[in-house]
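Shown next, in structure tokens, is the structure this report addresses.
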Amino acid sequence: MIVDRIKQYYLLARFDKPIGILILLWPALWALWVASDGQPDPFVFFIIFSGVVLMRAAGCVINDYADRNFDPHVERTRQRPIASGKVSPKEALILFTILCLLAFVLVLQLNLMTILLSFVAAFLAASYPFMKRYTQLPQAYLGIAFGFAVPMSFSAQTNTIPFVAWIMYLAVMLWALVYDTMYAMVDKEDDLKIGIKSTAILFGDKDREIMAGLQLIIIGLLILIGQMQELGWIYYASVVIALGLSIYQQKLIFNRDKTLCFKAFLNSNYFGLVVFIGLVLDYWLITG
């Protein structure tokens, strides 16, 4: 019985699907490497890494709680623990609270600015799942929530949030908007039936063009970050590869096939990874 409960909580927190952890983690690490000029404090790294894992899990739990009446009607989500009746809504709220408290204990080890920012981050994470009822842009709100790891990483490392941090925050917000729209394209038909709002629906037939435009802006912002930090050719090479991945994602979503749209979403992990590798190598071999 206990083993089964642990398994259901594990699935509810989506620990079996690390893609969500990774696409939240990469921007936090981008910020940490830039903030520290390639030499992040090991303790800060540990806190940021652990905080990302815990808060992503908490976000998944509260998302499924918020969608408990919708998920049973969506093909992709009907087998989730709450939707299938294997975990009660009360259990989900308790698990969400525990995960948030654990994350808060971690952030208490950091400076006051980062502690204060954590309250904003917690509010964004908890409120995001409900946005799809009230706005056509829940994916943009997700970007605001996911991107908040950027100013928090700068704050944790330097106790300041410089202008470059806000440029990176904007890039991450737009990046999340793009990849979560690809994700929403998978559920578009079901969402239309049950009244869920999304940018995949809002953008309509112009979805690919709008995302392509946003992807170009993201690449431009990444280039701007490189110029502001006086980064070297290795970083710019990683941005070029990231551009290639964006083009590949456009190819995948071209016919709006559900399976390929989901594949494009998963490919976003490599976008984040490539930029991170570029930063690490550039600071190690050139800039640092």
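Read the figures in this text as sums done on the coordinates, not as results from a lab. The structure displayed is predicted, hence computed values, not measured ones. Neighbour counts run over all protein chains shown; Cβ positions are idealised from the backbone, glycine included.
What is the list of residues in segment 248-288 whose amide nitrogen lies under 17 Å from a point 7 angstrom out from the Cα of residue 233, following Cα to Cβ? Once the point is set 7 Å along Cα→Cβ of residue 233, 278-279, 281-288 turn out to lie under 17 Å by backbone N, inside segment 248-288.
What is segment 161-224's relative contact order, in percent, from Cα pairs under 8 angstrom and six or more apart in sequence? Show your work: numbers first, answer last.
Values: 32 pairs, mean separation 29.9, N = 64.
Reported relative contact order: 47 percent.
Between residue 247 and residue 109, the modelled label-to-label distance comes to 4.4 nm, taking each label 7 Å out from Cα in the direction of the beta carbon. Straight Cα distances below 29 angstrom link residue 251 to the lysines 17, 132, 188, 193, 197, 206, 263, with same-chain residues fewer than 8 positions distant left out. For segment 1-105, relative contact order (Cα pairs under 8 Å, six or more residues apart, normalised by length) works out to 32 percent. Here residue 90 is the anchor, and the aspartates and glutamates within straight C-alpha reach of less than 15 Å, apart from those fewer than 8 places off in the same chain, are 64, 67.
Find the relative contact order for the chain and round it to a whole percent, using C-alpha pairs within less than 8 Å whose residues are 6+ positions apart.
Details: 388 pairs, mean separation 60.0, N = 288.
Over the chain, the number comes to 21 percent.
Segment 262-285 and segment 10-38 have Cα centres separated by 11 Å. The candidate values were [x] 54, 46, 32; [y] 46, 43, 42; [z] 52, 49, 38; the one computed from these coordinates for Cα extents along the principal axes in Å carries the label [x]. By the beta-carbon count within 10 Å of each Cβ, the least crowded to most crowded order of 43, 148, fewest first, is 43, 148. Using a 7 Å offset from Cα along Cα-Cβ at residue 4, what residues in segment 69-99 end up with backbone N under 19 Å from the label point? Residues 79-92 qualify, since their backbone N sits under 19 Å from the label point.
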